[in-house]
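The values are calculated or read from the model by the stated rules, or taken from the named source; none is laboratory data. Small disclaimer: the values here were computed from a predicted structure and weren't measured. Because the Cβ atoms are built from the backbone with ideal geometry, glycine has one as well, and the counts that use them run over all protein chains shown. Heavy atoms of the whole protein, side chains included, go into the accessibility calculation; ligands, DNA and RNA do not. Shrake-Rupley method; radii C 1.70, N 1.55, O 1.52, S 1.80 Å.
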Amino acid sequence: MKSIGAYFIFLGSMLVRRESFSSYFKLTINECISIGWNSILIVAITSTFMGAVTTVQTAYNLVSPLIQNYVVAQVTREMVVLELAPTITAIVIAGKVGSSIASGLGTMRITEQIDALEVMGVNASSYLVLPKIVAAMIMYPLLVILAGFLALYGGYIAGTLTGILTETEYVYGIRIDFNPFTIQFALIKSVVFAFLIASISAYQGFFTTGGALEVGKSSTSAVTKSCIAVLLADYVLAELLLN
């Protein structure tokens, strides 16, 4: 409970004594590049193979003369859009971006750079952390859209090359009975996940104490707690928005 309370106090501290808009704008653009652009490759590789594996395994479990081939693509679409694209990408981003945020802020803390900012009258939590959270909430939904597209395309490649289903059957399957709310649900989850990953990782790094060993522990703790928070939020959002 103490840690949870300190976390919410930390979030509140970012909203007071803010710097000029131009300062935040430049910092946010830099963070967008760091969080979004630099994560495209790992997200692309992960999502493409994720879609391919999902298609193959779905076909394996739906072997029946009573089930049309296009159902494989339909099931793949629902799994990718509702769960795999936003959630698996969040776990990947937590490992890459979350650890980077925590270790960066932790290093600044133990080298007294954060203390120096506070001595100069700068609200260090707002100046250092708020741009990271805003950038994550901007870029992560875009990464989820990319992940969803590449996962479906990976499923298309795997399904057609292995002869599981034809091109026409796959396209028909991902279009039939499509519910647009699934896209909205995925984007809502992506914004929440981005906030949780960025804020929890920043909290862990910002309050690092000790030396280099503690920076590594903060980074590990940030990834672990971010993943747990993402999975809990995933369940809560599913209960609230899908029932």
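Observations on the structure shown:
- Of the DSSP H helices in the chain, those with a Cα length along their own long axis of 18 Å or more and a mean Kyte-Doolittle hydropathy reaching -0.5 comprise 21-35, 40-61, 124-161, 181-206, 212-241.
- Sum of side-chain charges, L27 neighbourhood, beta-carbon under 15 Å (Lys, Arg +1; Asp, Glu -1): +1
- At full extension, I188 and F207 could sit 3.9 nm farther apart than now, given 0.36 nm per residue minus the alpha carbon distance.
- Within the accessible area of the stretch 48-115 (1.4 Å probe), percent carbon and sulfur: 63 percent
- Evaluated over the chain, the Cα radius of gyration and Dmax, each in Å: 20.7, 73
- Cα-only Debye scattering, the stretch 148-243: base-10 log of I(q)/I(0) at q = 0.15 Å⁻¹: -0.78
- At full extension, M1 and I157 could sit 51.3 nm farther apart than now, given 0.36 nm per residue minus the alpha carbon distance.
- The stretch 27-118, Rg to Rh (Cα coordinates; Rh as Kirkwood inverse mean 1/r): 1.24
- Distance between the C-alpha centres of the stretch 211-234 and the stretch 35-113: 18 Å, rounded to the whole angstrom.
- Rounded percent of accessible protein surface that carbon and sulfur make up, the stretch 120-169, 1.4 Å probe: 73 percent
- Here, the stretch 7-58 has an Rg and a Dmax of 18.5, 54 Å when only alpha carbons are counted.
- Considering only Cα atoms, the convex hull volume of the stretch 71-199 works out to 89 Å³ per residue.
- The stretch 145-207 - accessible surface per residue (Å², probe 1.4 Å): 47 Å²
- Dipole of the chain, positive direction: furthest Cα of M50, F181, L142, with charges on the beta-carbon: L142
- A simple count of charges around A222, restricted to other residues whose Cβ falls under 14 Å of its Cβ and scoring Lys, Arg +1 and Asp, Glu -1, yields +4.
- The listed peptides 12-23, 116-127, 87-98, ordered by packing as a protection proxy, come out as 87-98, 116-127, 12-23 (highest mean of other Cβ atoms within 10 Å first).
- Net charge dipole, the stretch 1-155: roughly 80 debye, given to the nearest 20, about the Cα centre with Cβ charges of +1 for Lys and Arg and -1 for Asp and Glu.
- All alpha carbon pair distances within the stretch 75-139 were sorted into 10 Å bins beginning at 0; the resulting P(r) in whole percents reads 19, 36, 25, 12, 7, 1.
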